[in-house]
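Here is the structure we will look at.
The values are calculated or read from the model by the stated rules, or taken from the named source; none is laboratory data. No experiment lies behind these values; they were computed from the predicted model shown. In this analysis, Cβ positions are derived from the backbone assuming ideal geometry, glycine residues included, and neighbour counts consider all displayed protein chains.
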Amino acid sequence: MKKQHIAILSVLFGLFFASCIPKPLPIELRTAETKLVVSSQVIPNATMIVTLSKSFGALSYSEENGDTTGQELLDQLLVDSAIITISYSGFTDTLYPIPSAPGLYASIGTPSLINTDYTLNIYDPELNQTVWSTAAMLEQVQFDSVDAIIDSTELFTYTDVYFSFEDLIGDNYYMVNFYSESNDSVQSGSPFEADQNIPTETILLHDQTFSGTYSDTHRLWEWEEDSLFVSISNISQEYFEYLSLRQKSRNFFTDLVKEPINYPSNIEGGYGYFTTHFPDIRLVTLP
Amino acid sequence: MLKYTFFLLFLFASLCVFGQTTISGTVTDGDTGEDLPYAAIYVKGTNIGTETNEYGFYSLTIKPDAITGEKVTIVFSFFGYGEIEQELEVGTFHTINLELEPKIENIDEVVITAEKSRQEKELRSTDMSTTKLQMEQIKNLPSLGGEVDIIKVVQLLPGVQGGTEGSTGMFVRGGDADQNLVLLDEATVYNIGHLFGFFSVFNSDAIRDMTMIKGGFPSNYGGRLSSILDIRMKDGHDNKIHGAGGIGLLSSRITLEGPILKDKASFLISARRTYIDKVLKLANLFVPYYFYDLNGKAQYKINDKNRLFYSIYYGKDVLAFDGQDVDDQTEPAEQDTSAADLGLGFGFNLANLTNTVRWNHIYGDKLFSNVSLISTAFNYDINGKLGSNNIAIRSNIFDLGMKADWDYFKNSDLKIKFGTSIISHVFNPNIVSTAGDVSDFLASSAGDKLYTQEFGAYGYADQDINPLWKIKYGLRVSGSFLKGKTYAGLEPRFSTRYMLDNKTSIKASYSRMKQYMHRVSSSTVALPTDLWYPVTANIAPQISDQVAVGYNMLFEKIGTSLTIEGYYKWLQNLIEYREGANLILNNNFENELLQGKGDAWGGEVLLQKNKGRFNGWISYTISWATRDFDELNGGRTFWAKYDRRHSISIVGNFDISKRITFSAVWVYQTGSRFTAQIGQYFMPNSTLTGLDIIPIYTDRNEVQMSPSHRLDLNLTIHSREKEKKFKSEWAFGCYNVYNHAQPYRVDIVPAEQGIGYKYQQPGLFGFIPSIAYNFKF
């Protein structure tokens, strides 16, 4: 039989089988109730920042189907008229919406009191929902030193970041972040600006395996920015486990074969995470 | 005084023995010389009888008070064979090695008596939750791609759920996929599926029979919680050269068997290979995947009391993608960069190798032994290259073991079986070899080798208490030695049968099972990355306790049997994975594993007709299976993934004429369960410099997919009768005749109107026709 005949037969068979792919079956599933989504950040002895948005249906947006994070969608989800307070040691501060950053709220002059519980209360009149959470402010950890050099292999460029810090007394969990200078949202801007592409890496450490001075080198592959911010925070065990879970879900292989992850939340009646850690931030200028 | 005591004892024993009639020997196929396991041997006109063991040996001792007269007629029969009667003098010992002749061409006459005796044997046996299948019963059933697949047939039995459509996964009575022990001539087969589990590794031409046990486990079996699938290869024709084979759309196979020394030694060789890669290569189309299986067996009769056997199986999956092959089938103008120039390549290899050396020995009239040396090797490797970068990941398991079993046929009322086994396991997971820049990301490593020894010792008695009541009671002691830890425990087993009348019996059983290894896999499709691991100091053996009750009825006139069973299973130390667990290249997998418990319960009905022009079975299962893990689903009880409430299989074969057979299979199953995404939210990262999209899910396995059902048909046209030496047949089949989707996942896809999205459940396979040509000589 000639090659062309085999090819024609193969195509015919392929068409035949392809045409017999069964029609998918529809299925209706319930939609999760819309709830408030909370995250937080602390500027030491200055302000507490809270972000507030809403959850939405699984059929409203699909990353797998190529949807991008459009500003129109984000704007629909941001909550900018909620009433937010933070209570601590018998005091209560109000958090006010930041006009230039919808979805962000900030307090004025909230002190950072170590080993103090902070209770966050949020009421959204639009959803008519109240959520609340409590977190303890832990002792701050600080870098002893941070430095970085750039090098390359045959195919790749990388940046090695050297850092060291003094381990605090007791059982501690640390978060070290690496992000670029071009848009430090801690000082300005908002994470809710669409299509941001700021490289960020996070490593998590538990002092179960070390004590005293800890030093390490973290390699950033293909870091194209001119400089970078490196921050370290002493975080709670619960937040550490929450971040570990979020890191795992970003693993390509895990994404293929994993069971779905239901992320924990310490927001009563909502989603997200409220924390009161505050970072030591260092700016490293790269050659 | 002592010598008188001994004399009296001797006289007493002699009186007990005197008058007994004992016959023993082997029952074999008169044509091929194959052992006939579970052939019935009984005293004509009575319920006194026994059956051959799995190696064809039997012993029957008839008490003097059970017989009147000076002669007794013994009947030998087996499904598909003619019956033989032998008249013997009472009070004598006989060794009778018998050959039964197959009666294939007169299927109606097949000794309906033989079938009747087989069904009565099952009715009267203490065995329950057990199905024995001969290849003759299933060879005409329709299947995916026209390949007779014994695993797919097992999935049609009550209590057995299949996994993803078309896969060889088995979920038996609420258990998990790694809780099934699959044996090929006593060797464990770790990977039972080719092409990610869509085709089983078993070449039907090399298989003689199989036994599926889901409960009431006899003490000689252990090591897995939910089922034992004991598959036996043919021994090989010891008289003449015979062959068989087939050519299908997906693969071809050939089997040769014959004598090495006539009536003394024989061999069997069987091979199967897919060839779609070779066929399409002729048309310059590149499909870099194929699999093959090789089975071999040799047996040697040293004398009437000693036989040696050797079995080997080797099967392999090969995927070998090479950039040059891609370039060859792509027009140069369409290539931005040649795949060959990139030095692109990717592949994987999956291989099973089993070896069994077995010695059968007959001691006198009542004692039989089987001693086996067994090895199993399972290897897989994944490799990739890009330019000067290479990566290869290998894992393997090697088992070396020995087992010894004795069958003691004390008399017609009591049979005792005992034995011992020890297996040494070596696990070698995740051996990584890298070269080039990729080694900066992933360094070479030798992996963590693990050694364990698994042992077992058992004994049981199968005893008639009276003509109506029979019990089987036994104990298995099992355990595992590993570095720094020893696990050991008792596994009591019990089953009983009570005859309500000659055609009806009720049964009950209890079994405790322990499992000392598990498969680490978070997917339901067999992936090359699925690895078997032993128990460790932190991961305890899994345990199950199962009770079952059953009702059996025989409709003699129409050759039909009805079995109704109910069961409850308690499961401990089950294994699941932490949410977000990364099992790929993770030698610290222990930290990703969680242990919890589960419950499974349900009812099964099997209506089976095995004789006549129309035969087949209807099975129905209703079942529930739950799981409890402190760290999953918020500590709340959740449904098991394969908690499928209803399952129906209707299987039928109809001999339209002597040359034409029509077969149909219709299956229905409640949808499997899954954890659905029902919402999402944007969550800033820890630096507030960006957003992650976080999905919101239902409770674990809360949602059930739509039921799946399909109809498969097969028409077989046999060659004319005058072609006696060379027989052939054409088989025309179709899978999923009405092209109904068998849901295996839920996708979010754009809605038809172009606005928003919707859920949908795709199916894998639609209508698939098949043609096969089979022959034997």
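Considering each of B:Asn370, B:Asn430, B:Asn379, B:Asn396 in turn, give the residue that is polar (S, T, N, Q) and more than 24 Å from B:His194 (Cα to Cα).
So the residue among B:Asn370, B:Asn430, B:Asn379, B:Asn396 that is polar (S, T, N, Q) and more than 24 Å from B:His194 (Cα to Cα) is B:Asn370.
Looking only at the stretch B:236-245, decide whether some residue is surrounded by fewer than 18 Cβ atoms within 10 Å (Cβ to Cβ) and touching a Lys or Arg at 6+ places or on another chain (Cβ under 6 Å).
The answer is no; no qualifying residue exists.
Within the stretch B:550-568, can one find any residue that is of a type in the set (D, E, K, R), at negative phi and without any contact (Cβ under 8 Å) to a residue 24 or more places away in the chain? Write out each step before concluding.
Keep residues of the stretch B:550-568 that are of a type in the set (D, E, K, R), which gives B:556-557, B:565.
The next check asks that each one be at negative phi; those that pass are B:556-557, B:565.
Those still in the list that are without any contact (Cβ under 8 Å) to a residue 24 or more places away in the chain too: B:557.
Yes.
What number of residues in the stretch B:656-689 are at pLDDT below 90, away from every other protein chain (no Cβ under 13 Å) and not in a loop (DSSP other than H, G, I, E, B)?
Selection size over the stretch B:656-689: 0.
Output the strands (runs of 3 or more DSSP E) that fall wholly within the stretch B:690-777 and possess 2 or more residues being crowded, with 18+ Cβ neighbours inside 10 Å, more than 10 Å from chain A (Cβ to nearest Cβ) and touching a residue at least 24 places away in the same chain (Cβ under 8 Å), or say none.
B:708-718, B:727-735, B:768-776
May I ask you to verify whether A:Tyr173 is of a type outside the set (Lys, Arg) and either closer than 15 Å to A:Trp223 by Cα or in contact with a Cys (Cβ under 7 Å, 6 or more places away or on another chain) (or both)?
No; evaluated as a whole, the condition is false for this residue.
Kindly list, by first and then second residue, each pair from a residue in the stretch B:247-262 that is more than 30 Å from B:Ile302 (Cβ to Cβ) and in contact (Cβ under 8 Å) with a residue 24 or more places away in the chain to a residue that is aromatic (Phe, Trp, Tyr) and part of a strand (DSSP E or B), limited to pairs with Cβ atoms under 6 Å and residues at least 6 apart or on different chains.
What qualifies is B:Ile247/B:Tyr773.
Every residue in the stretch A:213-245 that is assigned to a loop (DSSP other than H, G, I, E, B) and at pLDDT 90 or above, please. Write out each step before concluding.
Let us first name the residues in the stretch A:213-245 that are assigned to a loop (DSSP other than H, G, I, E, B), namely A:222-226, A:236.
Result: A:Ser236, single match.
Pairs needed: first member in the stretch A:106-119, assigned by TED's automatic domain parsing to the domain that holds A:Gly90; second member anywhere, in a loop (DSSP other than H, G, I, E, B) and of a type in the set (Phe, Trp, Tyr); C-beta distance under 7 Å; at least 6 residues apart or different chains.
What qualifies is A:Ser112/A:Phe278.
Collect the residues in the stretch A:30-73 that are among the hydrophobic types (A, V, I, L, M, F, W, C), surrounded by fewer than 17 Cβ atoms within 10 Å (Cβ to Cβ) and within 8 Å of another protein chain (Cβ to nearest Cβ), keeping them in residue-number order.
none
Of all residues in the stretch A:20-55, count the ones that are under 14 Å from A:Ser107 (Cβ atoms), within 16 Å of the chain's Cα centre (by Cα) and among the polar types (S, T, N, Q). Give the steps one after another, and end with the answer.
Keep residues of the stretch A:20-55 that are under 14 Å from A:Ser107 (Cβ atoms), which gives A:40-52.
Now restrict to residues that are within 16 Å of the chain's Cα centre (by Cα): A:40-42, A:49-52.
Checking the rest, the ones that are also among the polar types (S, T, N, Q) come to A:40-41, A:51.
Counting residues in the stretch A:20-55 that are under 14 Å from A:Ser107 (Cβ atoms), within 16 Å of the chain's Cα centre (by Cα) and among the polar types (S, T, N, Q) gives 3.
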